[in-house]
Structure formats: C-alpha cells, structure tokens
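Participant: A single structure is presented below for examination.
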Amino acid sequence: MSRKIWVFDTTLRDGEQVPGAKLNLFEKVEIAQQLKKLGVDIIEAGFPASSQGDFDAVKAVAERVGNTSDIMITALARAVKADIDSVYNAVKYAQNPMIHMVLGTSDIHVEKKFSKSKDQILQIGIDAVKYAKTLLPQVQYSTEDASRSDFEYLWKTIEAVMKAGATMINVPDTVGYAEPEQWGEMIGKLAYRMKNTDDSVLLSVHCHNDLGMATANTLAAIKNGADKVECTINGIGERAGNAALEEVVMAIKTRGDIYNVHTNINTKEIMNTSRLVSSFMGLDVQVNKAITGDNAFAHSSGIHQDGLLKSRDAYEIVHPEDVGLEDMELVLTARSGRHAVKNALEKLGFTNLSADEFEGIFEGFLKLADAKKEVYDHDLYVIVEDYYEKHNANHANATHYSEQFFSFDDLQVVSNASFPSASVKIRKGEEVFKSSAVGSGPIDALYSAIASITNVNVKLIEYNINSVSRGQEALGKVKITVEHEGEKFIAKAADTDILKASALAYINAINSIIVSKFIPIAN
Ligand SMILES: CC(=O)SCCNC(=O)CCNC(=O)[C@H](O)C(C)(C)COP(=O)(O)OP(=O)(O)OC[C@H]1O[C@@H](n2cnc3c(N)ncnc32)[C@H](O)[C@@H]1OP(=O)(O)O
Ligand SMILES: CC(C)C(=O)C(=O)O
C-alpha cells in the first residue's frame with residue numbers, strides 16, 4: 001500500500017493574497033464546497049484577524065463546509081494572542097478545526113523584521129503554540145522563510161514547538177528560493193529527526209514559485225518524506241504563486257513509478273475547481289499552464305496530431321478525461337497536416353473522398369489556415385463546398401453549406417450608463433441582416449442584436465477576454481461558452497478590436513451549433 005500524502009489547500013488564504021482576487025463570503029463558501037468535492041484534506045479558509053469580512057467568511061466555511069468529519073478547516077494567525085483567538089473563534093464551528101500559526105525562523109526575519117534575538121522568537125513561538133493548544137487539539141506551526149534559515153536553529157524551533165504540542169509542522173519556502181535537490185535533502189533530514197522525536201506529528205511543505213520551481217520542490221519534499229503538501233488551485237498565490245495542486249497531484253498519479261504515494265483527490269473534479277476559482281477571482285489561467293491551461297490537452301501541429309491519431313500515448317501522458325475534460329482537442333491550424341484534416345472531415349461525414357478530392361480540399365484548407373489562426377468545422381464545410389463548386393458543380397457537396405452559416409460584416413456599439421446599445425450587420429450566406437438592441441452592457445447589447453438575427457436560442461455561460469500582446473496593435477482574444485438545448489459550446493476569436501472579437505466569437509459559437517445539427521450529405 002502506498003503512503004498517503006495529505007493535501008492542504010490554501011487557495012482561500014495564500015491564493016486570495018493575489019492583488020484583485022479578493023472573494024466575498026458567498027464565493028469563499030462556494031469554492032470551499034468545490035474543494036471538498038475535489039477531496040482536499042484541509043482547507044485554509046483565510047486570515048480572520050485581517051478584517052471582519054474575512055472572519056465572517058472563515059466562520060461560514062467552518063459552519064457550512066466543515067460540518068463533516070472528513071475535512072479539516074483552518075485559518076492563519078501570527079504568533080499573536082489576538083490572531084490566535086480570532087482563528088479559534090472562526091474555525092471552532094467545524095467538526096475538525098485547526099489553528100495555523102506562522103513565525104519566521106531565518107536571520108532576516110528574526111533580526112530585520114522582528115528586531116529580536118533568536119531565543120526571544122523561539123520563546124514567542126513556544127508560548128503561542130501552548131496558548132493555541134488550550135483552545136484546540138490541532139495546531140499547525142509554520143516556520144516562515146525556512147529555506148533561508150540556519151538549519152540547526154530551524155530544527156531547534158521545530159523540536160521545541162513539537163514539544164509544546166504542535167501537531168503539524170509546515171516548512172515553507174516563503175520566497176521560492178529553494179532548489180529541488182538541496183530542498184529535498186533538507187526535508188529528508190527534518191523528516192528523519194521528526195520521526196525520531198514524535199512520529200505522530202505531520203511534516204508539511206509550502207512552496208512558492210518565484211523561480212518556477214514550486215511544483216518540483218514540493219515533489220522533492222514528497223520523495224524525501226514529507227507527509228503533507230500545501231497547494232493552491234491554478235498555482236495562484238502571493239507574487240509568482242504557490243505549488244499548483246493539480247500539477248502536484250497529477251505528477252504523483254502519472255509518475256507513480258517514482259513517488260509511490262497517493263492522495264484523496266478526485267482528479268475528475270480538477271477542471272471544475274480550476275474554472276470556478278478562475279471565474280470567481282477574475283484570474284485567467286495562462287493558456288499553456290500544465291493540467292488546467294486551455295492548451296494543456298490541445299494539439300495543433302501536424303506531426304503530433306498524426307501521432308495522436310495513430311496512438312494517443314504518442315503525445316499524451318495525462319488523459320484529459322482524468323481531470324474532468326471530455327477529450328483532447330485537435331486544433332486545425334496552418335501547422336496541421338493531412339492526417340488531422342482527414343480525421344476532421346471524416347468526423348463531419350466526408351468519408352468517401354477520393355485522393356484527388358482530398359488533396360484539392362487540403363489545398364483549400366491550407367489557404368484558409370494561412371489567413372486565419374484556427375480553422376473550425378463550419379470553415380471545413382465551406383472549403384468542401386468551394387472545392388466541389390470549382391471542380392464538380394453537379395456534386396451534392398457543391399451547394400448547401402455556406403448559405404447556412406453566419407459571417408460578420410460590421411458593428412457599432414455605444415457604451416453609456418443608461419442605454420448601452422449595439423447595431424450589427426451580419427450575413428447568412430449571401431443574405432445581409434441588420435439589427436439593433438439595448439442591453440445591460442455593451443457586450444450584452446451586441447449579443448442581443450446578433451441573437452435577434454440568428455434566432456438560435458443560446459445562453460451565455462462564460463465570457464473571457466484577454467490581451468494576447470501589448471501596445472496599440474494588441475489582439476483581444478475572446479473565449480465564450482454558450483449553452484444550447486443543454487449542450488455547451490466553446491468558441492474563440494481574436495481581433496485588434498475587442499468588440500469585433502466578441503462578435504466573431506459569438507458567431508463562431510452559433511455556427512458550431514448549426515454544424516452540430518447537420519446531417520452531412522452522403523458522398
Ligand atoms: C508568508 C505569508 O503569506 S504570511 C500571511 C500574509 N498575509 C497577510 O499578511 C494578510 C493579512 N494581514 C493583515 O490583515 C494585517 O497585516 C494584520 C491584521 C495581520 C496586521 O496588521 P497591522 O497590525 O496593521 O500590522 P502590519 O501588517 O502593518 O505589520 C505587521 C506586524 O505584525 C508583525 N508580525 C509579522 N509577522 C508576524 C508573526 N508571524 N508573528 C507575530 N508578529 C508578526 C510585524 O512585525 C508587524 O509588527 P509591528 O507593528 O510591531 O512592527
Ligand atoms: C504562512 C506560510 C505558510 C506562508 O504562506 C509562507 O511562508 O509562504
């Protein structure tokens with residue numbers, strides 16, 4: 001049986017320290033519910049002494065999410081009586097509450113931050129643990145800036161606070177200074193000494209990502225005996241963030257040959273949790289982020305797509321289904337090859353193309369792909385139609401498709417507080433339509449105007465915009481999710497004009513819905 005690694009999630013405390021990411025009580029409870037569903041062992045819900053709002057939110061998480069014995073709820077305190085009281089009064093409503101306190105051990109913290117001697121700081125820590133133990137049985141002690149601390153002083157502190165009653169020792173790489181090999185060695189030494197002192201006390205690590213090594217350092221600690229890891233969803237947190245929960249968990253799962261440990265995480269809930277955190281905090285996940293980034297399971301180059309179609313394991317080490325996604329994505333771009341395009345055409349029903357027909361269609365594909373960033377299914381229909389119109393005008397595929405798709409022509413949006421409004425001109429095949437609408441905001445007005453033309457019933461579930469580059473020529477990239485008859489459709493578009501990008505994304509979504517209803521004409 002492999003060793004269990006405890007997962008301590010600090011998205012609601014360290015993650016919330018990201019500027020602009022503050023959550024309200026409702027959002028904290030909602031995310032905590034999802035973290036419970038994900039299977040984390042401990043939720044750090046906030047820093048109750050920091051404000052009444054955070055105290056109330058931590059208390060609500062303790063009451064509403066900590067109401068079962070399978071989860072522990074904690075919150076952070078300085079080694080200060082008032083902070084410890086505040087944590088106690090907020091988390092005591094949970095079935096399994098814990099007080100978490102932090103106090104620096106590095107010379108920089110002891111001498112420069114606190115202007116005290118090492119002995120004084122050690123005594124403050126011991127007294128704080130003893131006081132916390134009068135309130136709750138579970139107390140975690142974090143030795144802040146451990147990676148830059150004198151090792152023997154760090155150990156002296158850990159030994160002393162264990163004797164004072166700490167039940168978990170968390171060793172943080174507060175500024176992301178650690179290097180995996182050195183860090184692993186240090187954790188190994190601490191694990192050995194702790195097991196020989198009191199093996200009921202858990203050894204934990206908390207790694208920051210300032211040098212991009214938070215996940216590597218966390219894994220090195222696991223390899224060297226750490227029992228517990230502190231992580232955040234999407235790796236968010238102070239400065240460059242924390243070790244990403246999804247990366248640590250999937251690394252353990254994927255490389256069981258190396259780690260031989262397990263967690264309680266239900267990995268199929270990873271994407272749901274990532275999206276919830278990202279949307280409530282207003283923090284986009286970087287597209288190439290491991291596991292939760294948009295492109296983590298998207299393949300766009302011909303050689304890879306060909307390999308994947310022949311055998312998934314050629315380019316896939318984590319199955320998208322394992323993290324809660326439906327499937328991998330083969331994105332058609334100018335770097336795609338014949339195998340991927342053929343596969344996409346076959347999925348649409350074009351199964352009997354002759355070699356010459358396919359080559360002609362592929363040529364059309366490359367022309368469009370060179371002009372566009374991505375080629376969608378509805379584009380493929382138009383490419384097929386164009387090909388047959390030119391080469392075999394009597395063929396069934398020579399007509400029918402393009403006249404069913406919408407394309408963008410022009411727009412005008414007026415944004416003000418009272419009447420945000422939009423006028424659009426779009427085409428369906430050759431037909432031109434115009435419409436105007438007022439909405440609750442400019443995008444709402446724009447989408448209402450388009451919806452009144454397309455007549456396809458959709459509900460906008462998610463709207464995301466970010467800048468792809470900087471300066472005046474920056475591209476605004478819009479990604480939306482819409483729901484139509486219970487099915488979700490994701491569409492993207494990019495343009496230097498963000499309103500045009502928004503309109504194009506919506507039209508792409510409508511065209512995808514239209515494609516989903518096609519019964520392709522047999523060839
Ligand atoms: C590594 C980490 O991520 S630790 C967590 C970081 N998170 C936060 O700081 C968010 C919550 N913090 C807050 O809301 C506020 O900083 C509070 C409520 C904790 C304190 O606010 P204030 O009383 O206004 O103090 P301020 O933040 O300006 O300064 C921190 C004080 O705490 C002291 N302090 C810092 N860390 C600790 C500690 N671990 N234990 C005891 N005292 C500490 C500092 O020395 C300083 O004390 P001083 O006023 O005697 O110089
Ligand atoms: C409170 C501790 C664990 C922390 O956030 C850090 O040291 O980075």
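The values are calculated or read from the model by the stated rules, or taken from the named source; none is laboratory data. Just so we're clear, the structure is a prediction, and the values are computed from it rather than from any experiment. Quick reminder, even Gly has a Cβ in these numbers, built from the backbone with ideal geometry, and neighbours come from all protein chains shown. Ligands, DNA and RNA are stripped out before the accessible areas are found, and what is left, the full protein with its side chains, is counted by its heavy atoms. Shrake-Rupley method; radii C 1.70, N 1.55, O 1.52, S 1.80 Å.
Participant: Can residue 403 be described as at pLDDT below 95, in contact with a Lys or Arg (Cβ under 9 Å, 6 or more places away or on another chain) and surrounded by fewer than 18 Cβ atoms within 10 Å (Cβ to Cβ)?
Facilitator: Numbers: at pLDDT below 95: yes; in contact with a Lys or Arg (Cβ under 9 Å, 6 or more places away or on another chain): yes; surrounded by fewer than 18 Cβ atoms within 10 Å (Cβ to Cβ): yes.
Judged against the criteria, residue 403 is a match.
Participant: Residues of segment 279-317 being open to solvent by 60 Å² or more (accessible area, probe 1.4 Å), outside any loop (DSSP other than H, G, I, E, B) and not basic (Lys, Arg), which ones?
Facilitator: 279, 303, 304, 309, 313
Participant: Looking at (1) surrounded by fewer than 21 Cβ atoms within 10 Å (Cβ to Cβ); (2) closer than 23 Å to residue 37 by Cα; (3) among the β-branched types (Val, Ile, Thr); (4) in contact with a helix residue (DSSP H, G or I) (Cβ under 7 Å, 6 or more places away or on another chain), which is the one condition that is false for residue 201?
Facilitator: (2)
Participant: Tell me, please, whether a residue that is touching a Ser or Thr at 6+ places or on another chain (Cβ under 9 Å) and within 15 Å of ligand 1 (Cβ to nearest atom) can be found in segment 178-201.
Facilitator: The answer is yes; a qualifying residue exists.
Participant: State whether the residues of segment 118-130 include one that is surrounded by fewer than 14 Cβ atoms within 10 Å (Cβ to Cβ), in a loop (DSSP other than H, G, I, E, B) and more than 13 Å from ligand 1 (Cβ to nearest atom).
Facilitator: no
Matching residues to (1) within 16 Å of ligand 2 (Cβ to nearest atom); (2) closer than 30 Å to residue 224 by Cβ:
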residue	(1), (2)
241	yes, yes
275	no, no
290	no, yes
296	no, yes
300	no, no
311	no, no
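Participant: Same structure again: Across segment 243-258, which residue is least open to solvent (accessible area, probe 1.4 Å) among those that are under 13 Å from the mean Cα position of the chain (by Cα) and away from ligand 2 (no atom under 16 Å from the Cβ)?
Facilitator: Filtering first and then ranking leaves 246.
Participant: I need every pair where a residue in segment 401-413 that is in contact (Cβ under 8 Å) with a residue 40 or more places away in the chain has its Cβ under 6 Å from the Cβ of a residue that is assigned to a strand (DSSP E or B), sequence separation at least 6 or different chains.
Facilitator: So the pair list comes out as 406/426; 406/428; 407/427; 408/426; 411/424; 413/422.
Participant: Among residues belonging to segment 52-98 that are under 27 Å from the mean Cα position of the chain (by Cα) and assigned to a loop (DSSP other than H, G, I, E, B), point out the one that is farthest from residue 263 (Cα to Cα).
Facilitator: 67
Participant: Further question on the same structure: Suppose we filter segment 33-51 for residues that are more than 21 Å from the chain's Cα centre (by Cα) and within 16 Å of ligand 2 (Cβ to nearest atom); how many remain? Break it down into steps so the answer makes sense when it comes.
Facilitator: The first filter runs over segment 33-51 and keeps only residues more than 21 Å from the chain's Cα centre (by Cα), leaving 47-51.
Checking the rest, the ones that are also within 16 Å of ligand 2 (Cβ to nearest atom) come to 47-50.
Residues in segment 33-51 being more than 21 Å from the chain's Cα centre (by Cα) and within 16 Å of ligand 2 (Cβ to nearest atom): 4 in total.
Participant: Residue by residue through segment 347-359, note down the ones that are crowded, with 19+ Cβ neighbours inside 10 Å and not in a loop (DSSP other than H, G, I, E, B). Spell out the reasoning first.
Facilitator: Of all residues in segment 347-359, those crowded, with 19+ Cβ neighbours inside 10 Å come to 350, 353, 357.
Once the filter is applied, which keeps residues that are crowded, with 19+ Cβ neighbours inside 10 Å and not in a loop (DSSP other than H, G, I, E, B), segment 347-359 yields only 357.
Participant: Which residue pairs have Cβ atoms under 6 Å apart, sit 6 or more places apart or on different chains, and have a first residue in segment 74-87 that is under 19 Å from residue 62 (Cα atoms) and a second that is within 11 Å of ligand 2 (Cβ to nearest atom) and open to solvent by 10 Å² or more (accessible area, probe 1.4 Å)?
Facilitator: These pairs meet every condition: 76/13; 76/47.
Participant: May I ask you to verify whether residue 90 is more than 16 Å from ligand 1 (Cβ to nearest atom), crowded, with 24+ Cβ neighbours inside 10 Å and in contact (Cβ under 8 Å) with a residue 24 or more places away in the chain? Give the derivation first.
Facilitator: Details: more than 16 Å from ligand 1 (Cβ to nearest atom): no; crowded, with 24+ Cβ neighbours inside 10 Å: yes; in contact (Cβ under 8 Å) with a residue 24 or more places away in the chain: yes.
In short, no.
Participant: In segment 158-166, is there at least one residue being within 16 Å of ligand 1 (Cβ to nearest atom), part of a loop (DSSP other than H, G, I, E, B), touching a residue at least 60 places away in the same chain (Cβ under 8 Å) and crowded, with 21+ Cβ neighbours inside 10 Å? Working first, answer last.
Facilitator: Taking segment 158-166 as the starting set, the residues that turn out to be within 16 Å of ligand 1 (Cβ to nearest atom) are 158, 160-161, 164, 166.
Now restrict to residues that are part of a loop (DSSP other than H, G, I, E, B): 166.
Still in the running and touching a residue at least 60 places away in the same chain (Cβ under 8 Å): none.
Taking every residue of segment 158-166 in turn, none turns out to be within 16 Å of ligand 1 (Cβ to nearest atom), part of a loop (DSSP other than H, G, I, E, B), touching a residue at least 60 places away in the same chain (Cβ under 8 Å) and crowded, with 21+ Cβ neighbours inside 10 Å.
Participant: So, one more: Considering only residues that are more than 16 Å from ligand 2 (Cβ to nearest atom), assigned to a loop (DSSP other than H, G, I, E, B) and among the hydrophobic types (A, V, I, L, M, F, W, C), look in segment 3-32 and name the one that is farthest from the chain's Cα centre (by Cα).
Facilitator: For segment 3-32, the residue satisfying everything is 5.
Participant: Please verify whether residue 225 is open to solvent by less than 50 Å² (accessible area, probe 1.4 Å), at pLDDT 95 or above, under 20 Å from residue 283 (Cα atoms) and in a loop (DSSP other than H, G, I, E, B), treating the condition exactly as stated. Quick ask: steps written out before the conclusion?
Facilitator: Details: open to solvent by less than 50 Å² (accessible area, probe 1.4 Å): yes; at pLDDT 95 or above: yes; under 20 Å from residue 283 (Cα atoms): no; in a loop (DSSP other than H, G, I, E, B): yes.
No.
Participant: Where the second residue is more than 16 Å from ligand 2 (Cβ to nearest atom) and of a type in the set (Lys, Arg) and the first is touching a residue at least 40 places away in the same chain (Cβ under 8 Å) and in a loop (DSSP other than H, G, I, E, B) and lies in segment 131-147, which pairs have Cβ atoms under 8 Å and are six or more apart or on separate chains?
Facilitator: If the second residue must be more than 16 Å from ligand 2 (Cβ to nearest atom) and of a type in the set (Lys, Arg), the pairs left are 136/92.
Participant: Additional query: Out of 348, 308, I need the residue that is at pLDDT 95 or above and of a type outside the set (Phe, Trp, Tyr). Which one?
Facilitator: Working: 348 fails: at pLDDT 95 or above.
From the options 348, 308, the qualifying one is 308.
Participant: In this structure, is residue 35 in a loop (DSSP other than H, G, I, E, B), of a type outside the set (D, E, K, R) and away from ligand 1 (no atom under 12 Å from the Cβ)?
Facilitator: Values: in a loop (DSSP other than H, G, I, E, B): no; of a type outside the set (D, E, K, R): yes; away from ligand 1 (no atom under 12 Å from the Cβ): yes.
Spelling it out, it is not the case that residue 35 is in a loop (DSSP other than H, G, I, E, B), of a type outside the set (D, E, K, R) and away from ligand 1 (no atom under 12 Å from the Cβ).
Participant: Hey, another quick one. Does any residue of segment 98-118 turn out to be touching a Leu at 6+ places or on another chain (Cβ under 6 Å), of a type outside the set (Val, Ile, Thr), under 30 Å from residue 67 (Cα atoms) and within 15 Å of ligand 2 (Cβ to nearest atom)?
Facilitator: The initial filter retains those residues of segment 98-118 that are touching a Leu at 6+ places or on another chain (Cβ under 6 Å), namely 99-100, 105.
Filter once more, so that each one left must be of a type outside the set (Val, Ile, Thr): 100.
Next cut, under 30 Å from residue 67 (Cα atoms) only: 100.
Cutting the leftovers down to within 15 Å of ligand 2 (Cβ to nearest atom) gives us 100.
Looking for residues that are touching a Leu at 6+ places or on another chain (Cβ under 6 Å), of a type outside the set (Val, Ile, Thr), under 30 Å from residue 67 (Cα atoms) and within 15 Å of ligand 2 (Cβ to nearest atom), one finds at least one in segment 98-118, hence yes.
Participant: If you don't mind, there's one more thing I want to ask. Before we move on, is residue 22 under 30 Å from residue 256 (Cα atoms) and open to solvent by 10 Å² or more (accessible area, probe 1.4 Å)? Full working, then the answer.
Facilitator: Numbers: under 30 Å from residue 256 (Cα atoms): no; open to solvent by 10 Å² or more (accessible area, probe 1.4 Å): yes.
Here the answer is no, as residue 22 does not meet what is asked.
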